[in-house]
Each structure stands twice: as C-alpha cells, then as structure tokens.
Amino acid sequence: MSVVSGAKGETAQQARSLYRQLLRQGEQFAAYNFREYAKRRTRDAFREHKDVQDPREIQELMQKGLKELQSMKRQTVVSQFFQLDRLVVEGGKSGRQGGRRNDLVRQKDTGWD
C-alpha cells in the first residue's frame, strides 16, 4: 500500500465519520421538520460531492462539514429549549413534550364539555 492510497483511505474514513456525526446530530433536533431537513441536507451534500477527487477540494469540503457540525450542535441545544407539540407524521404517542426527546406528558382535554 502506498502513502497516497493510505491517505485516501484515511480521508474516506474521516468523511464517513463526519457523515455519521452529522446524521446523529440532526436526530437531536426537537422539531420533526428540522430533523428531517438536517437528514436530507446532509445526504444531499454528500451525494453532490461524492465524485470529488482533488485532495485540496476534499479538505475544503471536510472543513465546511466540520463547521456545519459545530453549527448544528449549537442549533440542537437551542431547539431543546422550545417544547413543541408532536406532529401526526411522527406517529406513536400524542401530547406535549415534557423536556427530553420522546418524553411526553399527557394534556387534559380542553374540548367543549
């Protein structure tokens, strides 16, 4: 194995690691739409640049991805402060979120009695 092919393998491993980190971090959003957007945006960005061969461009894309990851970490922390009702498309339980992801508190029915 040459030094060049070893470096390419290492870069590919770093790219896969960054991809997984971005997907995992996107799952931390409290809101369904933000979670889905983060997943879609990550997949689309990696698919768009899958054929890039220039090492300099790959490093620039990796740096951009790391900046996006840091930004997403900040955004997920902020999103945890705002509790939203779960959407119907999320399935499962209904009610209001109680603080942690997938933790629901049942609300009293406020319908016309």
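Among Arg41, Arg16, Arg47, the sequence by solvent-accessible area, most first, with a 1.4 Å probe is Arg47, Arg16, Arg41. Leu22 sits with roughly 10 Å² accessible to a 1.4 Å probe, with DNA, RNA and ligands left out of the calculation.
Give me the percent relative contact order of segment 1-91, please, defined on Cα pairs under 8 angstrom at least 6 residues apart. Each step should come with its number before you reach the end.
Working: 47 pairs, mean separation 36.5, N = 91.
The normalised contact order for segment 1-91 reaches 40 percent.
For Lys67, the solvent-accessible surface computed with a 1.4 Å probe is close to 150 Å², ligands and nucleic acids excluded.
Each residue of segment 54-61 was assigned a 3J(HN,Hα) from its phi angle through the Karplus curve 6.51 cos²θ - 1.76 cosθ + 1.60 (θ = phi - 60°); the sequence is 5, x, 5, 5, 4, 5, 5, 5 Hz, with glycine and proline shown as x.
Extending 7 Å from Cα along the Cβ direction at Phe82 and again at Asp44 yields two label points whose distance is 2.1 nm.
When the surface is traced with a 1.4 Å probe over the full set of protein chains, Leu87 keeps roughly 80 Å² accessible.
Can you work out D for segment 18-91 in µm² s⁻¹ from Stokes-Einstein, where Rh is the Kirkwood radius over C-alpha pairs, the temperature is 37 °C and the viscosity is 0.692 mPa s? Could the numbers behind the result be given before it?
Working: Rh = 13.4 Å.
For the chosen part, D equals 246 µm²/s.
The values are calculated or read from the model by the stated rules, or taken from the named source; none is laboratory data. Everything numeric in this text was worked out from a predicted model, so none of it was measured. Note that each Cβ is placed from the backbone with ideal geometry, even for glycine, and that neighbours are counted across all protein chains shown. Remember, those area values only see protein heavy atoms, side chains included, never the ligands or the DNA or RNA. Shrake-Rupley method; radii C 1.70, N 1.55, O 1.52, S 1.80 Å.
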